[in-house]
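First the structure, in the form of structure tokens, and then the observations on it.
The values are calculated or read from the model by the stated rules, or taken from the named source; none is laboratory data. Only a predicted model underlies this, so the values are computations on that prediction, with no experimental measurement involved. Neighbour counts run over all protein chains shown; Cβ positions are idealised from the backbone, glycine included. The accessibility values were calculated without ligands, DNA or RNA, using every heavy atom of the protein model including side chains. Shrake-Rupley method; radii C 1.70, N 1.55, O 1.52, S 1.80 Å.
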Amino acid sequence: MTVAGLQALLSHWRRNPWQLFTMIAGLAMATALWSGVQAINAEARASYDRAANALGQGQYAQIVGRDSAPLDQAQYISLRRAGWLVSPIVEGELDLEGERFRLTGIEPLTLPRGADAPAPLELSALAGFIAPNGEILVHPDDAGTLANTDHSFRPDPGQTRGTLTADIGLAQRLLKTDAITMLLVLPDQPLGQPPLSTIDPSLVLVEGQGQGDVARLTESFHLNLTAFGLLSFAVGIFIVYGAIGLAFEQRRPVFRTLRTLGLPLGRLLALLAVELTLFALAAGAIGIALGYIFAAALLPDVAATLRGLYSADVTDTLTLRPAWWLSGLAMALGGTAAAASGAFLRLNRLPLLASTQPRAWAADAQSSHRRMAIIAAFLGLVGALFAAFGSGLLAGFALLACLLIAAALALPLTLDLMLRLGSRLARGAVPQWFWADTRQQLPGLSMALMALLLAMAANIGVSTMVSSFRLTFTGWLDQRLASELYLNTTSPEEAALLTGYLEDKVEAILPIISIDTRIGDLPAEIFGVLDHATYRDNWKLLDAVPLVWDRLAAGDGVLVNEQLSRRENLSVGARLGHDTVLGVYGDYGNPAGQVVLGMDAFHARYPDVAALRYGLRTGVADPKAVADDLRRKFDLPPDALVDQARIKAVSLQVFERTFSVTAALNILTLSVAGFAILISLLTLATMRLPQLAPVWALGLTRARLAALELVRAVCLAAFTGLAAVPLGLGLAWVLLAIVNVQAFGWRLPMYLFPLDYLHLGGLTILAAFLAALWPALRLARTQPDALLKVFSNER
Amino acid sequence: MLQVENLTKSYATADGRTQVLDGVSFGMERGETLALTGESGSGKSTLLHLIGGLDRPDSGQISLNEKKMTGLDDRGRSALRRGTVGIIFQQFNLIPSLTVAANIAFHARLAGRHDPDWVERLTDRIGLTDQRDKYPEALSGGQQQRVAIARTLAARPKLVLADEPTGNLDEDNAEIILMLLLETAREAGTSVLMVTHSLNLAARLGRRLHLSHGRISA
Amino acid sequence: MSARSIFLALAVLPAAALAQGFAGLGTNADGFAIPQPDPQFVFPADHGPHPDFRIEWWYLTANLTGPDGTDYGLQWTLFRSALRAGTGDGWQSPQLWMGHAAVTTPDAHFVTERLARGGIGQAGVIADPFRAWIDDWQLSGASDWSDMTLSASGPSFAYDMTLTAEGPLVLNGADGYSVKSAEGLSSYYYSRPFLDISGTLTLLDRPVPVTGHAWIDREWSSQPLSQAQEGWDWFSLSFETGAHLMGYQMRQTGGSTYTTATWIEADGVATSYPDGAFDARPLDFTTIADRTVPTTWRVMLPERGVDVTVSALNEHAWMTTSIPYWEGPVSVSGSHSGKGYLEMTGYDGD
């Protein structure tokens, strides 16, 4: 009975391969987008862990020199001799074969066990590793590049690309230093240990971060990606919902027959569940494969984004990790279950002798529209509560979710009202029928239209955010990069020589002087600025006391960047340590907090820090001539002088890559929505004949009917697009004013880009037109006897 | 008014081509009512569809109001359906998205002959004035057929083609529908060509043609 | 594989016996110096390191008693292991250092371990004045070892002790040339059995004043184990009569043993015994860390009328160091009574 029942059920799909394709394709696409995003996240997280382990950052507390001064070896020994279990790390940049590598020197005997990153060190290898010319661990992809150097390398997949790990002795020799960058503090320290300050007051203990700074900083980025993945998944699930619902409706006669023949309802439901599980697994597998391809294609851009925004190193090759493919399968199964639950509930209530007629689409459309609108209103209220009382990134996303779902649910009623208005205004039999018929199609298309609404709103919202960001960012670059030339020197002596020479050749020499520190346990930079018109004229302060530049120059207080201001709750007038905050400035694209001091105050506080970089205001002189002169005169390397334009170009390039992932996701989401429309229309096409045949019989040509079908799809897309614009702008506002502040620490002004929206609207209508084209052509070519069959007895 | 000459039509089926009509000729006068009877599959529906311009004959000639239909393209045949003939099927005649009133007026408006008074009278005549704002799905099968008749006659066609219009109804309802069709047609001076397999019903019409294996047999 | 276990594998100690892969280390000296018969030790210089030899240790064990009569055991060991013979500056030095410290009570056993590179000052030994250290652990004092202090600390214990010498150095084997196998593998080996010790143990922040008796072993070599040897059982026993017995057996594949012993009279006069004179047989076993370890022994040296039962104070004195072994205080009863220390290596998990 079970086998026969299953055969009867499955035979439906053999007869309707298109429906089967629809369901599998919808689910596979949904799973692909979801698991692709998850794959990217998993890879990035693995990279952070690797980095955290390799550098020992995050996981362990560290001891560093005050103001990031390097440590010398005697300090390490004196700590060990005082009973502090610490392990030395030296870090630096190394140029090999024309490429720059980040070299980390470790001491394997004292290294904490968890930070034992250069694992597979075999027995024979320890002697080889700590030998005078020991082995250097390198990512296998880099090993080829370095094959011809004098050093011996050991390929180790545990390394990140562009990084090298060597014994500390060798690393110090390669980096030409005797110093130690920092000491990792082991978790278990002995009894009776004296406090650090009594051993060496110049050392600072920095507590471990657990997850590490990078993971914390990038968390919001990944949450963003996950939200996008979920949105795409939801769009895909709309397709599956439609396909399952249709298949259930069409098989009602089969169900009834099976039940009449004695198949218990429970068994029938179980069989259907088995059937759907099989489909979900198959579609999930396809989706995961597609997701892998998708993620592999996007990962380099994501890696570039993370490098650009957060200086986080992420490998750009993808590994198959159970975490994401299992989640992909789970989402496929869960999504199918969610999409099928309605159909199952209906089936469960199906009386044995119910009408075998497929239920009229419009039957209870009105009441269901109203129900959805009520839920939408409720969600809107919840969203408003989140907006009013919520805080944090999750609240921002919750608000987004409420907004989007509420808008989607309200869409059918909105469209219905628009169409009713249309039919009210229509004159003539055909227009009147057109609007009435379009209203009738609404329930069948509403899922696809909701998907389209979400995709379009996401597009509008994200493109508004990105474009606003771009506008603000380029404006900000113009402010901040006011100097025509930037000079990099390698020592205070060289700096003195070059600035002395330039004294009377340029209008101003502005030292760029800073130290790295930590504020509230997160990285921060402290800058000193000269009192110069460049800053007064170009820096736009978000908020400031009167005469801020004079007071800064006088050492009355400090400026902080917006990120720090928000993070530490420092508004103008607040105290940061002993300093008063005089002003807050915008600092886009920088994960770290910044504090700006007047130059005198900076020198007084950090007498040992010397400026090695300078901004040069060339005034009337030609920047290129100044640069060429200086290069010739002092035989400077190309990097010593950088012009403003180049820095801007590089910054903008980082920016563009940052958002290329978002752009790709945007296009994919919109494509999925287009596909949803196509599928809905094709599905409806089979049910359309009874609705169209009478009109045809009354004298409308098939070509005209087909044309009207196209117009209908375009109209619906256009109406949806109209609804999507305010929703998208709302989305953009939430992204800019709430999510962005939480994620990056700065708020961006919102700009509107009507031409972009028009362009997107055009694209959407084109997508709807293309989606409707095939079903319309099929209709135009329908043979009369197919239409006539509608009226005949055999139906 | 209607002249059918030597009409043939065959369809491709699984067993090869089937000759559905094999040289059918007959004529109808204005105001005449004609019953077309025959076994299932004898070709009566096909003949009706050809006359209504819903399909094309393989050969032969149909003239309606002295106008030759053969050679008309899809557009021409659609225009014929809009203006000259009215077709009533056994079921699914109505446009589900329109109300009863809109359905009744629809054909007349397509034909450019919309007369609100006439529509009102017809609605009254079929006894559905109270239901005029309902949608077809809310009506019984008999009521739906009445709407179909009203809609057809509202457009004042020269010829009504009815394909088993009562086939789905019980006897009482069938009787009412037939009466309604014949009476309103007579009042409008419209010819009626009705396909039926019921000799009882056929007897109520002015003349009867019997179709057997694609030929007129009596 | 963690860096520490690599270190220990190289450090040869019990590792060579444990890890089947590096039996070669036991037999091939690889450019290292080899112990020669008839050594002429020069003190205090020989208390210092011998970097041309592969391995070396400064090994102190003590039996202690608290104010309430509770028995304690204490261990302090500094191992030196060379990747290559010789010295070097800074990180270039091929010398590696490892410290083990432990305190045993009747129901607890505290262990900790330290590792260090040579050449940078983190660990080392200087003969005059004597100082052996790794990190904050230290054994230091007069160059003749007459008065010394000892300290070590771990996450859950620490100790600070004072040592006073009571008797002479004792040379084991033939004037300090100790043969370990029938093939003639050997080491330089001397002991200092007569040491009074007192001080404070800190156990989980609780200070315990203790006094007792300590024993220092000094040994260096380049090839301490033969291929056929799996590990050893080493006993240092102090009898109430004032006499001492040091004896050990090298366990060889196939079940045979190679034994060595030194009998030390109360006045310090020592006699060495060749293979076969000393006999040790397990009487009872304890399962620790998935291994079966003998924790009660019958120990015999018939030529001195010794036939005693040696029982662990705490059978769970398991050293959870990178390469684990058993080391702890014992009590002695039978023909003689007293206390002592037992070390057992090479008891494999499987």
Problem set entry | The listed residue being away from chain B (no Cβ under 14 Å), in contact (Cβ under 8 Å) with a residue 60 or more places away in the chain and aliphatic (A, V, I, L, M), out of A:Ala786, A:Ala776 | A:Ala776
Exercise. How many residues are under 22 Å from C:Gly340 (Cβ atoms), in a strand (DSSP E or B) and open to solvent by less than 30 Å² (accessible area, probe 1.4 Å) if we restrict to segment C:172-200?
Worked result: 11
Problem set entry | Residues of segment A:428-482 satisfying the condition of being small (Gly, Ala, Ser) and away from chain B (no Cβ under 14 Å) | A:Ser446, A:Ala448, A:Ala451, A:Ala455, A:Ala457, A:Ala458, A:Gly461, A:Ser463, A:Ser467, A:Ser468, A:Gly475, A:Ala482
For this session: Within segment B:48-71, identify whether any single residue is of a type in the set (Asp, Glu), part of a loop (DSSP other than H, G, I, E, B) and at the interface with chain A (Cβ under 8 Å from one of its Cβ atoms), and answer yes or no.
Result: yes
Exercise. Within segment B:91-99, is there a residue that is open to solvent by less than 20 Å² (accessible area, probe 1.4 Å) and more than 7 Å from chain A (Cβ to nearest Cβ)?
Worked result: no
Seminar exercise, completed: Exactly one of A:Ala718, A:Ala737 is surrounded by fewer than 19 Cβ atoms within 10 Å (Cβ to Cβ) and either of a type in the set (D, E, K, R) or closer than 19 Å to A:Phe386 by Cα (or both), and that residue is A:Ala737
Exercise. Somewhere in segment A:711-723, is a residue within 14 Å of another protein chain (Cβ to nearest Cβ) and in contact (Cβ under 8 Å) with a residue 60 or more places away in the chain?
Worked result: yes
Exercise. Within the group B:Arg208, B:Arg151, B:Arg204, which residue is of a type in the set (Lys, Arg) and within 14 Å of another protein chain (Cβ to nearest Cβ)?
Worked result: B:Arg151
Problem set entry | Hits in segment C:110-128 - residues which are away from every other protein chain (no Cβ under 13 Å) and either free of Cβ contacts under 8 Å to residues at least 12 places away in the same chain or assigned to a strand (DSSP E or B) (or both) | C:Val125, C:Ile126
For this session: Examine segment C:89-109 for a residue that is aliphatic (A, V, I, L, M), assigned to a loop (DSSP other than H, G, I, E, B) and surrounded by fewer than 18 Cβ atoms within 10 Å (Cβ to Cβ), and state whether such a residue exists.
Result: no
For this session: State yes or no: is A:Gln432 polar (S, T, N, Q), in a helix (DSSP H, G or I) and open to solvent by 20 Å² or more (accessible area, probe 1.4 Å)?
Result: yes
Problem set entry | Test for A:Leu689: is it within 10 Å of chain B (Cβ to nearest Cβ), closer than 24 Å to B:Gly52 by Cα and open to solvent by 10 Å² or more (accessible area, probe 1.4 Å) | yes
Problem set entry | Residue pairs meeting the criteria (Cβ under 6 Å; at least 6 apart or on separate chains; first small (Gly, Ala, Ser), in segment A:1-27; second surrounded by 19 or more Cβ atoms within 10 Å (Cβ to Cβ) and part of a helix (DSSP H, G or I)) | A:Gly5/A:Leu258; A:Gly5/A:Leu271; A:Gly26/A:Gly236; A:Gly26/A:Ile239; A:Gly26/A:Val240
Exercise. Residues of segment B:116-142 being out of contact with any helix residue (DSSP H, G or I) (no Cβ under 7 Å at 6 or more places or on another chain) and more than 10 Å from chain A (Cβ to nearest Cβ), which ones?
Worked result: B:Pro116, B:Asp117, B:Glu120, B:Arg121, B:Asp124, B:Gly127, B:Asp130, B:Ala138, B:Ser140, B:Gly141
Exercise. How many residues does segment A:600-633 hold that are assigned to a helix (DSSP H, G or I) and open to solvent by 60 Å² or more (accessible area, probe 1.4 Å)?
Worked result: 8
For this session: Consider A:Ile293 carefully, then state whether it is open to solvent by 50 Å² or more (accessible area, probe 1.4 Å), over 22 Å from the mean Cα position of the chain (by Cα) and modelled with pLDDT of 75 or more.
Result: no
Exercise. Quick one: which strands (runs of 3 or more DSSP E) sit completely within segment A:446-529 and have at least 3 residues that are under 26 Å from A:Val560 (Cβ atoms)?
Worked result: A:508-519, A:522-529
Exercise. Taking the stated definitions as given, is C:Pro39 open to solvent by 30 Å² or more (accessible area, probe 1.4 Å), in a loop (DSSP other than H, G, I, E, B) and either within 14 Å of another protein chain (Cβ to nearest Cβ) or at pLDDT below 95 (or both)?
Worked result: no
For this session: Taking the options A:Ala732, A:Ala786, A:Ala723, A:Ala718, name whichever one is closer than 24 Å to A:Met418 by Cβ, part of a helix (DSSP H, G or I) and more than 26 Å from the chain's Cα centre (by Cα).
Result: A:Ala718
For this session: Evaluate segment A:701-715: report whether one residue or more is part of a loop (DSSP other than H, G, I, E, B), farther than 26 Å from A:Leu409 by Cβ and at pLDDT 85 or above.
Result: yes
